[in-house]
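**Student:** After the structure tokens below, expect a handful of questions from me.
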Amino acid sequence: MKRIEEGTKAKPKVKRASRASGARSPAAKAKKTANAGATSNPASRLIDERIRSLGGWRGETLAEVRRLIHAADPDILEECKWIKPSNPLGVPVWSHAGIVCTGEAYKQVVKLTFARGASLQDPRRLFNSSLEGNTRRAIDIREGEVLDAEAFKALIQAAVAENLR
């Protein structure tokens, strides 16, 4: 705190419009309107950026998987975890009462790792990686491969149900 010396007058405080007050310039209002359709969740924006940065078949695959995840569970939460200098966008994570799955892109595969995959029924045998563990299971999608959309959505729903137990 500043100390006011005797004989000096304190300056009256000037009220300024804060961002929270809703007072915005016309330019700020136009910008807000233009971005109205944009994703509001910061993690979702990071995932958007990750998909754009990947491009090619890996970006397309991750975008399609993301669409299927939201189709299977509209209440799923998008997060980015494990952000570090070597991976500034982090790892896309989809959660509902706990982690459902993560989505990572490598040179040869897009890997979807289900946190509790070992406890899920997989009648269509989508899991093709990390099969030896007692907890996780993963789906590796290679260039040109097509994911069975209905079986994948059922797996997402089963993972959410497992988390809700």
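**Student:** Scanning region 144-156 for residues that are surrounded by fewer than 12 Cβ atoms within 10 Å (Cβ to Cβ) and more than 22 Å from the chain's Cα centre (by Cα), which turns out farthest from Glu78 (Cα to Cα)?
**Tutor:** Gly144
**Student:** Filtering region 74-99 down to residues that are touching an Asp or Glu at 6+ places or on another chain (Cβ under 9 Å) and in a strand (DSSP E or B), which residue is farthest from Ala158 (Cα to Cα)?
**Tutor:** The extreme case among them is Val91.
**Student:** Might you check whether a residue that is charged (D, E, K, R) and in contact with a helix residue (DSSP H, G or I) (Cβ under 6 Å, 6 or more places away or on another chain) occurs anywhere in region 84-100?
**Tutor:** Taking region 84-100 and keeping what is charged (D, E, K, R), we get 84.
Filter once more, so that each one left must be in contact with a helix residue (DSSP H, G or I) (Cβ under 6 Å, 6 or more places away or on another chain): none.
Within region 84-100 (the criterion being charged (D, E, K, R) and in contact with a helix residue (DSSP H, G or I) (Cβ under 6 Å, 6 or more places away or on another chain)), the answer is no, since none of the residues qualifies.
**Student:** Continuing with the same structure: What about Gly59, is it touching a helix residue (DSSP H, G or I) at 6+ places or on another chain (Cβ under 8 Å), within 24 Å of Ala154 (Cα to Cα) and of a type in the set (Gly, Ala, Ser)? Before the answer, list the steps.
**Tutor:** Details: touching a helix residue (DSSP H, G or I) at 6+ places or on another chain (Cβ under 8 Å): yes; within 24 Å of Ala154 (Cα to Cα): yes; of a type in the set (Gly, Ala, Ser): yes.
Judged against the criteria, Gly59 is a match.
**Student:** Still on this structure: Filter region 130-163 down to the residues that are at pLDDT 95 or above and of a type in the set (S, T, N, Q), then identify the one that is farthest from Val100 (Cα to Cα).
**Tutor:** If we take residues in region 130-163 being at pLDDT 95 or above and of a type in the set (S, T, N, Q), then Thr135 is farthest from Val100 (Cα to Cα).
**Student:** Which residue pairs have Cβ atoms closer than 6 Å, lie 6 or more positions apart in sequence or on different chains, and pair a first residue in region 79-101 that is in contact (Cβ under 8 Å) with a residue 12 or more places away in the chain and of a type in the set (Phe, Trp, Tyr) with a second residue that is in a strand (DSSP E or B) and surrounded by 17 or more Cβ atoms within 10 Å (Cβ to Cβ)?
**Tutor:** Short answer, once both residue conditions are applied: Trp94/Val100; Trp94/Cys101.
**Student:** Can you pull out every residue in region 140-165 that is without any contact (Cβ under 8 Å) to a residue 24 or more places away in the chain and either part of a helix (DSSP H, G or I) or touching a His at 6+ places or on another chain (Cβ under 9 Å) (or both)? Explain how you work it out, then say what you get.
**Tutor:** Step one: list which residues in region 140-165 are without any contact (Cβ under 8 Å) to a residue 24 or more places away in the chain, which gives 145-146, 150, 161, 165.
Result: Glu150, Ala161.
**Student:** To continue, here is another question. Taking Ala71 as meeting all but one of (1) part of a loop (DSSP other than H, G, I, E, B); (2) within 17 Å of Val160 (Cβ to Cβ), write down the number of the exception.
**Tutor:** The failed condition is (1).
**Student:** I've got another one for you. Considering each residue of region 116-133, count those that are touching a residue at least 40 places away in the same chain (Cβ under 8 Å) and either of a type in the set (A, V, I, L, M) or in contact with a Leu (Cβ under 6 Å, 6 or more places away or on another chain) (or both), and give that number. Can you show your working first?
**Tutor:** Kept after step one, since they are touching a residue at least 40 places away in the same chain (Cβ under 8 Å), are these residues of region 116-133: 116-117, 119-120.
After this cut, where a residue has to be either of a type in the set (A, V, I, L, M) or in contact with a Leu (Cβ under 6 Å, 6 or more places away or on another chain) (or both) as well, the list is 120.
Here the count works out to 1.
Rundown of residues vs (1) surrounded by 14 or more Cβ atoms within 10 Å (Cβ to Cβ); (2) more than 22 Å from the chain's Cα centre (by Cα); (3) farther than 17 Å from Glu60 by Cβ, yes/no style:
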site	(1), (2), (3)
Pro85	no, no, yes
Ser95	yes, no, yes
Pro123	no, yes, yes
Gly133	no, yes, yes
Asp140	yes, no, no
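The values are calculated or read from the model by the stated rules, or taken from the named source; none is laboratory data. What you see is a predicted model, and the numbers here were worked out from it, not measured in a lab. Cβ coordinates were reconstructed from backbone atoms using ideal geometry, including for glycine residues, and neighbour counts include every protein chain displayed.
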